[in-house]
Amino acid sequence: MRSAELDEAERIICVGTGIGGPENLAAIEALAKAMRTQIGATRRVVDQGWLPRHQQIGLTGKVVSPLLYIGVGVRGALNHTIGIQQADTIAAINIDPNAEIFHTATSA
Ligand SMILES: Cc1cc2nc3c(=O)[nH]c(=O)nc-3n(C[C@H](O)[C@H](O)[C@H](O)COP(=O)(O)OP(=O)(O)OC[C@H]3O[C@@H](n4cnc5c(N)ncnc54)[C@H](O)[C@@H]3O)c2cc1C
């Protein structure tokens, strides 16, 4: 994925370390293809080399403004969520009901 595409994307699935490991990226990529979304990443994912730096969203990454952002295994640290404040709808998948991302996610 190119960073320019991420900047302009209407839909983004963002990968956090909660996906478990790079071996699970194929499932994310299949979902992204089906939903015609771009793929973003947290800094921790990038630092671990699972995805390239230009896909990082946040304070030291890209600021994005999609219609829909879906964080998968993303904790929701401020350094990350500062990059998604302009998203219309923020959804999150996280096993921790107290994860910070749910403070940023759009209420039903
Ligand atoms: C100066 C500075 C700048 C930074 N800039 C950025 C930045 O630009 N962008 C950025 O993203 N970060 C940035 N960071 C890092 C940021 O503070 C966080 O450390 C990082 O965003 C955490 O990444 P994460 O959510 O992938 O990982 P973690 O903090 O490890 O969170 C993983 C989450 O996955 C969940 N999880 C675990 N298992 C599952 C499962 N099976 N299914 C679903 N969820 C699961 C956990 O409950 C947890 O909430 C910066 C930090 C500093 C100090």
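Checking Leu51 against (1) in a helix (DSSP H, G or I); (2) within 11 Å of the ligand (Cβ to nearest atom); (3) under 12 Å from the mean Cα position of the chain (by Cα): exactly one of these is not met. Which one?
Condition (1) is where Leu51 drops out.
This table checks each residue for (1) part of a strand (DSSP E or B); (2) within 12 Å of the ligand (Cβ to nearest atom); (3) on the phi > 0 side of the Ramachandran plot; (4) in contact with a Pro (Cβ under 8 Å, 6 or more places away or on another chain).
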residue: Pro66; (1), (2), (3), (4): no, no, no, no
residue: Val74; (1), (2), (3), (4): no, yes, no, no
residue: Ala87; (1), (2), (3), (4): no, no, no, yes
residue: Ala92; (1), (2), (3), (4): yes, yes, no, no
residue: Asp96; (1), (2), (3), (4): no, yes, no, no
residue: Phe102; (1), (2), (3), (4): no, yes, no, no
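Evaluate segment 15-28: report whether one residue or more is away from the ligand (no atom under 13 Å from the Cβ) and within 13 Å of Ile70 (Cβ to Cβ).
no
Yes or no: Gly40 surrounded by fewer than 13 Cβ atoms within 10 Å (Cβ to Cβ), touching a residue at least 24 places away in the same chain (Cβ under 8 Å) and near the ligand (Cβ under 10 Å from one of its atoms)?
In short, no.
Considering only residues that are more than 20 Å from Glu10 (Cα to Cα) and part of a helix (DSSP H, G or I), which ones fall in segment 76-85?
Leu78, Asn79
Listed here are the residues, each with its yes/no results for (1) in contact with a Lys or Arg (Cβ under 6 Å, 6 or more places away or on another chain); (2) of a type in the set (Phe, Trp, Tyr); (3) surrounded by 15 or more Cβ atoms within 10 Å (Cβ to Cβ).
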residue	(1), (2), (3)
Ser65	no, no, yes
Leu68	yes, no, yes
Asp88	no, no, no
Asn94	no, no, yes
Phe102	no, yes, yes
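Scan segment 76-85 for residues that are within 6 Å of the ligand (Cβ to nearest atom) and of a type in the set (A, V, I, L, M, F, W, C) and jot them down.
Ala77
None of the figures in this text is laboratory data; all of them are computed from the coordinates on show. This structure is a prediction, so every number in the text was calculated from the model and none was measured. When we count neighbours, we look across all protein chains shown, and the Cβ atoms used for this are built from the backbone with ideal geometry, even at glycine.
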